[in-house]
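Please read the structure below before turning to the comments.
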Amino acid sequence: MVSRLGNVNITSLGNFLLRPGSETSLPPISKDCDGKTQGVGLSPASTPESGFRSVLSVENLTCSEPEEARATPHYPIRTKTREEFLQDVRRAQQTESFMSLQKFYMRCFDTFAEICAVFKVDVEEEGAKPEEPGLNMEFLYAVHDTLREMPSIIHKTVLKSIINALLEEKRILEVEKLRMIVRHVIQFITIRQFPPADKSLPPLSKSRWWIPTGTKTLALINAANNSSTPPLLDYTEFYNSALDHMDLMQDYFNWQSPQRPGQFSYCQYPFILSIVAKRIILTKDSEQQMILTARRSLVAKVARHQAPQIDIFFLNIHVRRSHLVSDSLNEIASKQKDLKKKLKVSFVGEPGLDMGGLTKEWFLLLIRQIFHPDYGMFVYHPHSRCYWFSTDQEGNLREYNLIGVLMGLAVYNSIILDLHFPSICYRKLLSPPVVPDVDTADVGSVNTPTVDDLAEIMPDVSRGLTELLAYEGNVEEDMCMNFQVSIYIYLN
């Protein structure tokens with residue numbers, strides 16, 4: 001019997017669904033201007049741990065709409081009783097066919113309206129009282145207790161349905177409410193990661209689940225935010241800048257360690273790491289990769305009883321200034337096995353030791369020539385101030401591949417390139433977010449580009465096409481326009 005799926009415990013899931021009983025100390029329930037339940041906040045008197053000071057609170061929201069202007073919730077009619085449900089459970093266990101129960105769980109937890117329709121005594125009653133939440137508790141307990149005995153397919157169904165319900169709820173929240181929730185969850189994670197010196201928090205042994213649970217909650221909100229068009233919050237609002245001060249490399253190694261596949265790591269949730277944290281991890285990882293690659297080359301030389309040279313520790317690029325592009329691309333293509341070593345550049349006929357300056361000069365000159373219009377690989381659009389691929393170089397994929405390797409080398413060696421591409425290029429790079437370990441995996445595929453994507457490259461053309469789409473008359477007769485595209489080709 002599977003009782004754990006994706007680090008989400010079914011018992012914890014039940015605790016999430018069930019409201020504490022009347023004997024449990026509940027947080028105060030605030031009322032809005034009409035006396036209805038508005039929000040729940042923590043106060044020092046209601047905390048379950050002695051000495052646990054509340055840091056998070058939910059501010060009372062101001063009522064701005066009259067009662068008659070608010071939408072009245074409408075729930076579907078569900079008549080299933082506890083006895084009927086238990087009969088279905090016994091029948092499924094006897095026949096070993098759980099299809100009907102799977103459909104029940106899928107529909108029951110798919111939306112909050114369905115949950116209310118199934119478990120509320122009176123679906124039209126608003127609000128909830130601490131002593132009597134208005135739920136058919138016997139039915140709810142039966143569903144919860146039976147869930148533990150269900151096969152893993154039922155557990156997956158319930159988890160997917162609950163996630164869908166939460167995603168839908170967060171997707172329709174007001175921006176300020178969603179922002180407040182995100183800030184409170186980030187603060188919750190920060191306080192547990194960096195506890196105060198007065199030891200007001202419970203010991204780590206009793207609250208180890210706080211950070212993984214808070215981060216997964218934030219991941220759920222982030223997924224809901226990304227599924228909205230446009231997103232309600234900017235992606236930077238999910239950054240936790242306090243994590244920049246922790247041991248990021250230890251967290252990264254925990255994530256990479258095959259001995260601990262289920263251990264929590266912030267690297268599993270990159271949306272929470274700021275650009276500073278990602279840069280630190282990328283730089284340190286590059287340094288580690290350089291050392292490991294150089295060490296392998298040294299061991300291979302010694303194993304063949306050959307005297308090692310200092311050059312085996314570096315990716316040595318020798319180029320002529322007069323043939324900078326061709327020599328550079330040929331060097332990169334011929335030294336694929338050494339790409340993860342430290343880059344070292346030298347110009348033929350020029351004495352000098354590369355301490356970083358020659359590498360930066362090489363990148364600067366090379367990028368300037370490759371992206372020049374005369375080279376014909378990229379087109380610069382001055383209105384949007386970004387580059388796009390030249391349409392007359394579609395068959396020249398080898399050079400594009402080598403240019404991509406060149407940009408990867410720059411990132412790997414912590415060299416900043418002054419290049420600007422539209423966001424669709426980066427969406428291709430990030431699709432999928434985590435590449436599966438399968439050679440046939442679909443990598444770099446994005447949804448069909450839209451006029452909005454074109455606006456980042458050619459804003460004037462995008463504006464004209466948008467107006468053309470909005471025109472209700474006969475375009476061909478009224479405007480006498482032909483659909484044509486003009487391409488400027490630079491010949492060397």
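The values are calculated or read from the model by the stated rules, or taken from the named source; none is laboratory data. What you see is a predicted model; the values in this text were computed from it and never measured. Every residue, glycine among them, receives a Cβ derived from its backbone with ideal geometry; neighbour counts consider all protein chains shown.
Worth pointing out:
- Only a single item in (1) over 20 Å from Tyr380 (Cβ atoms); (2) modelled with pLDDT of 80 or more is not met by Val435, and it is number (2).
- Subset of the range 146-182 (residues that are of a type in the set (Asp, Glu) and part of a helix (DSSP H, G or I)): Glu168, Glu169, Glu176
- Among the residues listed as Leu365, Leu353, Leu358, the single one being of a type in the set (A, V, I, L, M), assigned to a helix (DSSP H, G or I) and surrounded by fewer than 18 Cβ atoms within 10 Å (Cβ to Cβ): Leu365
- Taken over the range 183-198, residues that are in contact (Cβ under 8 Å) with a residue 12 or more places away in the chain and part of a loop (DSSP other than H, G, I, E, B) amount to 1.
- The range 167-221 - residue that is closer than 26 Å to Thr111 by Cα and small (Gly, Ala, Ser) and, of those, modelled with the lowest pLDDT: Ala219
- Of Leu402, Leu364, Leu339, all but one fail to be free of Cβ contacts under 8 Å to residues at least 24 places away in the same chain, in the same structural domain as Ile310 (by TED's automatic domain parsing) and not small (Gly, Ala, Ser); the exception is Leu364.
- Residues satisfying the stated conditions in the range 135-149, i.e. touching a Ser or Thr at 6+ places or on another chain (Cβ under 9 Å) and within 15 Å of Asp88 (Cα to Cα): Phe139
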